[in-house]
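Working notes, structure below.
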2 protein chains.
Amino acid sequence: MKTTNVADRVTAAALDLFATQGYATTSVQQIVEAAGVTKGAMYHYFQSKDDLLFAVYDRMLALQKSHLDEIVAAGGPAEEVVRAVCVDVVETSIDFLPEGTVFFRSMHMLTEPRLKEVTRRRREYHDEFAALLRRGQDEGVFRADVPRSVLVAHFFSDVHYLSHWYSPQGPETKTEVAQQLTDLFLRSIRTTAP
Amino acid sequence: MKTTNVADRVTAAALDLFATQGYATTSVQQIVEAAGVTKGAMYHYFQSKDDLLFAVYDRMLALQKSHLDEIVAAGGPAEEVVRAVCVDVVETSIDFLPEGTVFFRSMHMLTEPRLKEVTRRRREYHDEFAALLRRGQDEGVFRADVPRSVLVAHFFSDVHYLSHWYSPQGPETKTEVAQQLTDLFLRSIRTTAP
DNA sequence: GAGGGCGTACCGTCTGGTCGGTTTGCGCGA
DNA sequence: TCGCGCAAACCGACCAGACGGTACGCCCTC
């Protein structure tokens, strides 16, 4: 109970500071002060500052991947599966907005082995989504006159950009935004009129 | 000639290093070594490391804004103007891929006054584009059932994401990608079928 | 000979990380 | 119930070095 408490508080403080100040400009000292622990305690649970950053990513990647797997496993027509995936990824990205901010801003600061790991897991997600699009193309519901890689990029761009403009205090709820972005995406890749 | 040479070489070296290593992890020493000048020379032309980062942004923002103004000034139906803007911004973003990488990754590391300036100029671009969409909505060619802010975000997301996936060595040329992304965007926001 | 472009040496500060030691929690034999 | 022992949790003073930035003076050009 106490052990998890320390590690969790450090992780939360690190996420907060990384999101507001950036990874490189946040010192380990700041993190431990914000978390109300000492440096010794922190280095007892984490190997390095780098490890803190990876912990943030690890949690988010694992969650998104498990969501994707669930939705795909549920099955259905390609278009409906893509719709469900799209709505879900937008909503969870809004739930994890600070994580997203840190992710895209500071990913390149991970050390080699961890960067490889993160890249690998992103590619997994990426490939699984591309396979869905391919199924839709085979079924004839998604257009095939644009390279699939461009369609995939077009999809991830919205998710990526969320942390740059969306605010929970803004006029739109996450459910609305998820519906709207999903609708925009599907309309652009469908062969038939909506 | 010589003066510009020094400043230019420093700017180029800084851009290159910021794009590959990140702003915070690049030291002034590295920059001046890569540029083949000394720290004294560099600090003669730039006030601070922060100034170097701003110089990168300044150039890109000025260029994109002037392009936008030109295209809007040329006039035409809203849809065609938006199409031209979209194609142009994708193409110039590809021309300035390293700048884009640095921009979105390290913008938050600018000091207060310069961050304000950059934010202001981005908003200018943003507002001008939103006005175009509004015109299209008034003309009835762009859908109005989705908040304009969401449409604008949907547009900028593609531009933003380019530096994360596009490679000049990849299979698609910048012209093709510009056409494809523009097509996807327009199709999603049009009221009528293509 | 004056002044601006530039080189050199240096400064104070802060960094991520370490390490020897102390405290805490807990199973267990009596 | 107590006390023992021991591992895990935790502390915080302490590195070595790198950082951004500056002071000052040389030299070349006009």
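Here the accessible area is traced with a 1.4 Å probe on the protein chains. For the protein assembly as shown, carbon and sulfur cover 54 percent of it.
Compactness ratio for segment A:1-153: Cα radius of gyration over 2.2 N^0.38 Å (N = residue count) comes to 1.25.
With protein chains left intact and a 1.4 Å probe, residues in segment A:74-147 average 44 Å² of accessible area per residue. Rounded to the nearest 20, the size of the Cβ-charge dipole of chain A about its Cα centre is 480 debye, with Lys and Arg at +1 and Asp and Glu at -1. Under a 5 Å amide H cut-off, with hydrogens placed 1.01 Å from N, A:PHE142 pairs with A:GLN137, A:THR191 among residues at least 5 apart or on other chains. Site pair B:ASP95 and A:ARG121 shows an inter-label distance of 4.0 nm when each label is modelled 7 Å from Cα along Cα→Cβ. Across q = 0.07, 0.11, 0.12 Å⁻¹, the protein assembly as shown modelled as identical point scatterers on its alpha-carbon atoms has Debye log10 I(q)/I(0) values of -0.35, -0.87, -1.03, in the order of the q list. Return the whole-Å distance between the Cα centroid of segment A:107-149 and the Cα centroid of segment B:69-130. Result: 27 Å between the Cα centres. A simple spin-label model places pseudo-atoms 7 Å from Cα toward Cβ; at B:ALA193 and B:ASP16 they are separated by 5.3 nm. The length gained by stretching the chain between B:GLU128 and B:ALA74 to full extension, at 0.36 nm per residue less their Cα-Cα distance, is 18.0 nm.
Ordered by solvent-accessible area of protein heavy atoms (1.4 Å probe), largest first, the residues A:LEU17, A:LEU53 come out as A:LEU17, A:LEU53.
Here the calculated FRET efficiency for A:GLN47 and B:THR38, from their Cβ-Cβ distance with R0 = 41 Å, stands at 0.60, rounded to the nearest 0.05.
Heavy atoms of the protein chains alone define the surface here; on that basis segment B:1-46 has 55 Å² accessible area per residue at 1.4 Å probe size.
Please check segment A:171-190 for residues whose accessible area, probe 1.4 Å, is lower by 50 Å² or more when all protein chains are in place than in their chain alone. Relative to the lone chain, where solvent access is computed with a 1.4 Å probe, segment A:171-190 loses at least 50 Å² at A:GLN180, A:LEU184, A:ARG187. Applying 1/(1 + (r/R0)^6) with R0 = 35 Å to the Cβ-Cβ distance of B:GLU139 and B:ASP8 gives a FRET efficiency near 0.20.
Accessible surface buried by the B/A pair amounts to about 3100 Å², both sides summed, 1.4 Å probe. Counting only lysines at least 8 places from B:LYS174 when in the same chain, those with an alpha carbon closer than 23 Å to its own are B:LYS65. For a straight C-alpha distance cut-off of 28 angstrom, the lysines reachable from A:LYS39 (same-chain residues fewer than eight places away being disregarded) are A:LYS2, A:LYS49, A:LYS116. Note on B:GLN29 and A:GLU176: the model spin-label points, each 7 Å out from Cα along the C-beta direction, lie 5.3 nm apart. If you take all other residues with their beta carbon under 12 Å from the beta carbon of A:ARG135, and give Lys and Arg +1 and Asp and Glu -1, the sum is -3. Other protein chain C-beta atoms within 10 Å of residue C-beta, averaged over B:140-152: 3.
The values are calculated or read from the model by the stated rules, or taken from the named source; none is laboratory data. Please read all numbers here as calculations on a predicted model, not as lab measurements. We place every Cβ from the backbone using ideal geometry, glycine too, and count neighbours over all the protein chains shown. With ligands, DNA and RNA removed, areas are computed over all heavy atoms of the protein, side chains included. Shrake-Rupley method; radii C 1.70, N 1.55, O 1.52, S 1.80 Å.
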